[in-house]
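Trainee: Encoded as structure tokens, here's the structure I'll be asking about.
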Amino acid sequence: MSTTDNAATSSYTPAHNDFTAISINSFKAYDIRGELGVSLDEDIAYRIGRAFAQILSQCYNSADAKGDIKNLKTAVVIGSDIRDSSEKLKQAAIAGIMAAGVDVIDLGMTGTEEVYFATSHYQALGGIEVTASHNPINYNGLKLVKEHSKPISADDGLAEIQQLAESGQFTVNENKGENSKQGKLQLLTDKSAYVDHVMSFVDTDKLKPLKLVINSGNGSAGPVVDLLVDKLAQAGAPIEVIKLHHNPDGSFPNGIPNPMILANRTATQQAVTEHKADLGIAFDGDFDRCFLFDENGDFIDGSYVVGMLAQAFLNKYPGESIVYDPRVIYNTEAVVDAHNGKAVISKSGHSFIKQVMRESGAVYGGEMSAHHYFRDFFYCDSGMIPWLLTLELLSITGKTLSELVTGYISDYPSSGELNFHLTDHDAPSIIKNIEEKFSDQNFTKSTLDGLSLDFGDWRFNLRASNTEPLIRLNIESRGDELLLAMKVQEVQQWLAQQGAVPA
């Protein structure tokens, strides 16, 4: 359904137009996220929307604006997830955008990737998704992108938006005349173009009979899953789908959708084994991440999914570049090398991955955190494309998911990401100290993202989280599970001595 109303207005009205300077603590490295009523509320969302739109419009109107900006519409697209607070925050941001003289396209209830798609599809100046993804229910946030769905980070525009939002020194768009300074609002909720684009990644004629369990976690994924399943049926694809925790519900009656938490995997695992499904799929709240379970209900670590999808893309596009992050690398590098691709390493985090992909023209990029990026999806991450590609891969190879990844896991076992709270030392000092611990051993060192030390038959990466007060450890070996277990124990014991407590 698509509704257009150029006379519509936001339901939020600021209490006054005299904005005093405030401090906003919800800005993070890649996005905005805070506790409701503490570091994020409607007034802050209004300021952020207005600052975002003002800065985008200033770039658009500047004398040296590039042609790829000048050819765009002076509009911002915006969507929100299913959280109870999201609609009010969205309306406040809409009011701020319109007050800056910029038009708004409201997409309704969406996942983050729908905003990525719509920003480019509608040729907008930028996009906003109101979401807290997998964070606790008393949190919310905003994810921002600029023209052509390019990311915004603290080093590339986000700090400027924060400074303007905090200062309240907003200007009025003078180009529209005294009587028409407000931007216009459209409600465009039709998902057809987005769904068609996602479906273009797979050849439905190649799909074989498969049974799926899809756990939407009561988040925003359900409506999109329905549309994609309908498209599969219309194409005659013999796919059976069991839907779990399917209906969007901002109260999250089955818990916050975060499959990275072990307890949150149980429902999907049980449904896979109970229904004898070929594949289990689970999403977080805004479905920008996709988590896979094999036919036995076993969770597949994201680093092995990166290798699997890299192989699938290199089979389709020989010689292309694949981007990956430095936390777990052995398997991905081996797969890319075996299939004559070009392995391109990037600092973890979506803004870094996307930039490196654009620079290298990479066809695919993946992080072990279950973010998967696609050149033909505006270099953005999608949670829907990976499971469709996995269906195609299972069909083409005739293998089960466990058969596809078993070799990866045995050849390059890894610890999975281990998280630690810090009690005595800060992350930089711990990272410095652990290098000294191994100073008597031969290793190759990288500081691209935290600290990576590679000893030849094993390696580790230790880095501070960009989004939480944690330090994160990943250890992997070359086919030696006993060595892996020994090194995990050794490093964990050392971290405990530094005051790092398992999270």
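The values are calculated or read from the model by the stated rules, or taken from the named source; none is laboratory data. Being a predicted model, the structure only gives us computed values, none of them experimental. Note that we place each Cβ from the backbone using ideal geometry, even for glycine, and neighbour counts take in every protein chain shown.
Trainee: Say we look at the stretch 234-271 and pick out the residues that are of a type in the set (D, E, K, R) and outside any loop (DSSP other than H, G, I, E, B); which of these is surrounded by the fewest Cβ atoms within 10 Å (Cβ to Cβ)? Show your work before the answer.
Mentor: Looking only at the stretch 234-271, we keep the residues that are of a type in the set (D, E, K, R), and these are 240, 243, 249, 265.
Subset that is outside any loop (DSSP other than H, G, I, E, B): 240, 243, 265.
Details: Glu240: 13, Lys243: 16, Arg265: 20.
Ranking the candidates gives Glu240 first.
Trainee: Turning to a different aspect of this structure: Just give me the residues in the stretch 392-423 being over 29 Å from Ser477 (Cα atoms) and crowded, with 23+ Cβ neighbours inside 10 Å, in sequence order.
Mentor: none
Trainee: Looking at Asp103 and the list (1) over 30 Å from Ala464 (Cα atoms); (2) within 23 Å of the chain's Cα centre (by Cα); (3) not small (Gly, Ala, Ser), which single condition is not satisfied?
Mentor: Going through (1) over 30 Å from Ala464 (Cα atoms); (2) within 23 Å of the chain's Cα centre (by Cα); (3) not small (Gly, Ala, Ser) one by one, Asp103 breaks only (2).
Trainee: While we're here: Taking Asp454, is it surrounded by 16 or more Cβ atoms within 10 Å (Cβ to Cβ) and in contact with a Pro (Cβ under 8 Å, 6 or more places away or on another chain)? Write out each step before concluding.
Mentor: Working: surrounded by 16 or more Cβ atoms within 10 Å (Cβ to Cβ): yes; in contact with a Pro (Cβ under 8 Å, 6 or more places away or on another chain): no.
So Asp454 fails the test.
Trainee: Search the stretch 30-47 for residues being farther than 15 Å from Ser80 by Cα and out of contact with any Gly (no Cβ under 7 Å at 6 or more places or on another chain), and hand back the single one that is surrounded by the fewest Cβ atoms within 10 Å (Cβ to Cβ).
Mentor: Gly37
Trainee: Restricting to the stretch 459-494, name every residue that is touching a Gly at 6+ places or on another chain (Cβ under 7 Å), touching a residue at least 60 places away in the same chain (Cβ under 8 Å) and under 11 Å from Phe420 (Cα atoms). Step through it out loud before you land on a result.
Mentor: So in the stretch 459-494, the residues touching a Gly at 6+ places or on another chain (Cβ under 7 Å) come out as 461-464, 466.
Subsequent filtering for residues that are touching a residue at least 60 places away in the same chain (Cβ under 8 Å) retains 461, 463, 466.
The one that is touching a Gly at 6+ places or on another chain (Cβ under 7 Å), touching a residue at least 60 places away in the same chain (Cβ under 8 Å) and under 11 Å from Phe420 (Cα atoms): Arg463.
So that you can scan it fast, the table gives a plain yes or no per residue for (1) touching a Pro at 6+ places or on another chain (Cβ under 6 Å); (2) without any contact (Cβ under 8 Å) to a residue 40 or more places away in the chain; (3) outside the structural domain of Ser369 (by TED's automatic domain parsing); (4) closer than 21 Å to Tyr412 by Cα:
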{"site": "Asp278", "(1), (2), (3), (4)": "no, no, yes, no"}
{"site": "Phe287", "(1), (2), (3), (4)": "no, no, yes, no"}
{"site": "Cys290", "(1), (2), (3), (4)": "yes, no, yes, no"}
{"site": "Phe293", "(1), (2), (3), (4)": "no, no, yes, yes"}
{"site": "Leu309", "(1), (2), (3), (4)": "no, no, no, yes"}
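Trainee: Right, here's the next one. Among the residues of the stretch 190-225, count how many are part of a helix (DSSP H, G or I) and surrounded by fewer than 17 Cβ atoms within 10 Å (Cβ to Cβ). Show your work before the answer.
Mentor: First, pick out the residues of the stretch 190-225 that are part of a helix (DSSP H, G or I): 192-199, 204-206, 221-225.
Still in the running and surrounded by fewer than 17 Cβ atoms within 10 Å (Cβ to Cβ): 192-193, 196, 205-206.
So the answer is 5.
Trainee: State all residues of the stretch 432-458 that are closer than 27 Å to Ala29 by Cα and not in a loop (DSSP other than H, G, I, E, B); if no residue qualifies, say none.
Mentor: Narrowing the stretch 432-458 to residues closer than 27 Å to Ala29 by Cα: 432-435, 445-453.
Passing the criteria: Lys432, Asn433, Ile434, Glu435, Lys445, Ser446, Leu451, Ser452, Leu453.
Trainee: Taking only pairs six or more apart or across chains, which ones have beta-carbon atoms under 9 Å, a first residue in the stretch 36-65 that is within 18 Å of Gln123 (Cα to Cα), and a second residue that is polar (S, T, N, Q) and part of a helix (DSSP H, G or I)?
Mentor: Ser57/Asn175; Asn61/Asn175
Trainee: Checking the structure you have, find out if any residue of the stretch 475-490 is in a strand (DSSP E or B) and touching an Asp or Glu at 6+ places or on another chain (Cβ under 7 Å).
Mentor: Of all residues in the stretch 475-490, those in a strand (DSSP E or B) come to 475-477.
With touching an Asp or Glu at 6+ places or on another chain (Cβ under 7 Å) added as a condition, the list becomes 477.
The answer is yes; a qualifying residue exists.
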